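Here is the structure we will look at.
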Amino acid sequence: MSLIPKKGTVYVVDDDEAVRDSLQWLLEGKDYRVRCFDSAETFLSRYDPREVACLIVDIRMGGMSGLELQDRLIERKSPLPIVFITGHGDVPMAVDTMKKGALDFIQKPFNEPELLGLVERMLDRAREAFTGHQQAASRDALLAKLTGREAQVLERIVAGRLNKQIADDLGISIKTVEAHRANIMEKLNANTVADLLKIALGQGQTSAAAKAAAAAAAAAIN
């Protein structure tokens, strides 16, 4: 039997030791990895944004509050899903945190099934964000292989410019454009124009503009 928790990591940030211990006992009993911190400052110093995780944090704490911690994470562009712990009088404040991207809030005393459901939703969101981050990193690594001129040609391919138009834009011959296009396809591991557009625009790009660009780029080859 594996000793490694299967379901993901839950960060708990609360200056109340009893609350931390209670949440750790509950979540570890459901096979989550739990990392507890007694302050927002300590959490920020040890948080690893590369980890698939979620955050349960108290709104009111000594030192940096949960609200301030949320602002710090927003500044860092962290995708970490957050649920706030609130007392009865903090509900209006908690609603404001949701407007800034918090997933939800839970009131003391905790409803265990509700809490566990929220944690699973947060980790689902964290897994999606992590996958998106990996795809973006892979895309950036591929695009970094292009020379400056190839990047200029790719930009115009995505915009649907014809080879002749690209040549005129850049002051180069059509044959040179065709050579750059071939190099771009090879460096980006793209077998088709559709593959090329997916990489250039991002895997999740499905807008009408993207489809139009793909059609125009295909037409530019024919």
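The values are calculated or read from the model by the stated rules, or taken from the named source; none is laboratory data. Source: prediction; values computed, not measured. Heads up, the Cβs are rebuilt from the backbone with ideal geometry, glycines too, and the neighbour counts pull from every protein chain shown. Please note that ligands, DNA and RNA were not included when accessible areas were found on the heavy atoms of the full protein model with its side chains. Shrake-Rupley method; radii C 1.70, N 1.55, O 1.52, S 1.80 Å.
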TODO: Along each of the three principal axes of the Cα atoms of region 8-118, give the extent in whole Å, ordering the values from largest to smallest.
DONE: 34, 33, 24
Open item on the list: Treating only the Cβ of Lys, Arg, Asp and Glu as charged (+1, +1, -1, -1), what charge dipole size does region 64-170 show about its Cα centre? Round to the nearest 20 debye.
Closed with: 480 debye
Open item on the list: Give me the extension gain from Asp195 to Lys164: residue separation times 0.36 nm, minus the current Cα-Cα distance, reported in nm with one decimal.
Closed with: 8.9 nm
Task: Ranked packing of 181-187, 141-147, 9-15, most packed first, by mean Cβ within 10 Å - done: 9-15, 181-187, 141-147
Open item on the list: So if each residue of separation counts as 0.36 nm, and I subtract the Cα-Cα distance between Val91 and Asn111, what length gain in nm does that give?
Closed with: 5.6 nm
TODO: Pull up all non-local amide H partners of Ile106: gap of 5 or more, or a different chain, and H-to-H distance under 5 Å with H placed in the peptide plane.
DONE: Phe84, Ile85, Thr86
TODO: In whole Hz, with x marking every Gly and Pro, tabulate ³J(HN,Hα) for region 15-30 from phi via Karplus 6.51 cos²θ - 1.76 cosθ + 1.60, θ = phi - 60°.
DONE: 7, 9, 4, 4, 5, 4, 5, 5, 5, 5, 4, 5, 6, 5, x, 9
TODO: With a probe of 1.4 Å, find how much accessible area region 18-58 has per residue, and write the answer as a whole number in Å².
DONE: 49 Å²
TODO: For the pairs Lys99/Lys145; Lys30/Lys198; Lys175/Lys198; Lys99/Lys187; Lys164/Lys187; Lys7/Lys100, note any where the Cα-Cα span goes beyond 32 Å.
DONE: Lys99/Lys145; Lys30/Lys198; Lys99/Lys187
- [ ] Straight distance only, please: which aspartates and glutamates reach the Cα of Lys77 with their own Cα at less than 17 Å, same-chain residues fewer than 8 apart left out?
- [x] Asp48, Glu51, Glu68, Glu128
Open item on the list: Show log10 I(q)/I(0) for region 72-158 at q = 0.14, 0.21, 0.22, 0.23 Å⁻¹, two decimals, from a solvent-free Debye sum over equal Cα scatterers.
Closed with: -0.66, -1.03, -1.09, -1.13
- [ ] Could you size up the charge dipole of region 26-66 around its Cα centre, putting +1 on the beta carbon of Lys and Arg and -1 on that of Asp and Glu, and report it in debye to the nearest 20?
- [x] 60 debye
Open item on the list: What does the extension gain come out to for Ala136 and Asp21, with contour length at 0.36 nm per residue minus their alpha carbon separation?
Closed with: 37.7 nm
Task: Cβ-Cβ FRET estimate between Ser39 and Glu128, R0 fixed at 35 Å, reported to 0.05 - done: 0.75
Task: Rounded to whole Hz, the Karplus (6.51, -1.76, 1.60) HN-Hα couplings of region 160-170, x for glycine and proline - done: x, 6, 6, 3, 5, 5, 5, 4, 5, 4, 9
